[in-house]
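Below is one structure, written out as structure tokens; the observations come after it.
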Amino acid sequence: MESIMLVTSFFRAQCLTRICTLTASLVLCQSALAASLEQEPFWQASVGYWSSENTYMDGQYKPKIPHYQTLNAIATEGDTVTSEERKFYPPGAFAAKALGLDIPEDKGVQLVQVTRGVAKEDASHVEFAPLNRYSHNQRTWLDSVSEDSAMMTVAYKDSGEIAYKMLITVPTANSRITASLGINGHYAAKAEETPLRGVSVFSATRITQQDFEELTQQLQQQYQVGSIVTIDEQGNYQASPIK
């Protein structure tokens, strides 16, 4: 009888040990999935500081902003990615009108935007928080498609219609190229509209953190920046005169 009890106790202990080991393994696996952005090849290639030359065209390839520039700082921590963009637009009506602000047309504009994303389920899929109050009805996510490329999608939550598709590729350690397509979700083959609303292309080269700060000052002068536009806690754009 005692032998049977000893054997039973032994098997119970073995089973309990295996259950504990399996549970611990599952927890570790889940943690690894949730905190693996730093091991994701695409994000490893993207992290750092970038300076890009950009152009924006409408759906018929007519230049709307022939040339503007962006400084971008990308960082990952655990399952979270943060991207700070500093965009520099030349003097003119387009940038101010697009932002819905009363900004002098004879001065350039610096737009500062910070986006944050969190990996869901695995590091190849990242969901981004709304950038401003105008994007609360949109869902933005990024899917890694290879070690050096990813596709970002912006869609309307209510209809599911695509607003933007953005291909991001990091072909070399020091280059990052982005093509952003504005999609006409209501396209119905009418003569007065096209499937494409607009195209933006960004050609970026890697820079240092010191370059990031120094170029900010240089580009403010180059673009005759009169106002720095940021986003307040309510998600509204606000313009402050440059000091």
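Computed quantities for the displayed model
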{"quantity": "Out of S200, S146, S159, sole residue that is within 25 Å of M57 (Cβ to Cβ) and either touching a Ser or Thr at 6+ places or on another chain (Cβ under 8 Å) or surrounded by fewer than 13 Cβ atoms within 10 Å (Cβ to Cβ) (or both)", "calculated": "S200"}
{"quantity": "Residue count for the stretch 208-243, restricted to those that are in a loop (DSSP other than H, G, I, E, B) and of a type in the set (F, W, Y)", "calculated": "1"}
{"quantity": "Every pair of residues 6+ apart whose Cβ atoms lie under 7 Å, when the first sits in the stretch 70-98 and is within 20 Å of F202 (Cβ to Cβ) and assigned by TED's automatic domain parsing to the domain that holds E214 while the second is modelled with pLDDT under 95 and assigned to a loop (DSSP other than H, G, I, E, B)", "calculated": "G92/E105"}
{"quantity": "Residue check for E121: among the acidic types (D, E) and at negative phi", "calculated": "no"}
{"quantity": "Unmet criterion (only one of (1) within 20 Å of Y237 (Cβ to Cβ); (2) aliphatic (A, V, I, L, M); (3) touching a His at 6+ places or on another chain (Cβ under 9 Å)) for L111", "calculated": "(3)"}
{"quantity": "So S146, is it closer than 15 Å to E40 by Cα and in a strand (DSSP E or B)", "calculated": "no"}
{"quantity": "Positions within the stretch 91-117 being closer than 19 Å to N72 by Cβ, surrounded by fewer than 20 Cβ atoms within 10 Å (Cβ to Cβ) and at pLDDT 80 or above, in sequence order", "calculated": "V112, Q113, V114, T115, R116"}
{"quantity": "Options A155, A163, A150: the member that is in the same structural domain as G100 (by TED's automatic domain parsing) and either touching a Lys or Arg at 6+ places or on another chain (Cβ under 8 Å) or on the phi > 0 side of the Ramachandran plot (or both)", "calculated": "A155"}
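To keep it simple, each residue is scored yes or no on (1) assigned by TED's automatic domain parsing to the domain that holds Y61; (2) of a type outside the set (D, E); (3) surrounded by 14 or more Cβ atoms within 10 Å (Cβ to Cβ).
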| position | (1), (2), (3) |
| --- | --- |
| E121 | yes, no, no |
| N132 | yes, yes, yes |
| N137 | yes, yes, no |
| W141 | yes, yes, yes |
| N174 | yes, yes, no |
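The values are calculated or read from the model by the stated rules, or taken from the named source; none is laboratory data. All values reported here derive from a predicted model rather than from experimental measurement. FYI the Cβ positions are ideal-geometry reconstructions off the backbone, even for glycines, and counts take in every protein chain you see.
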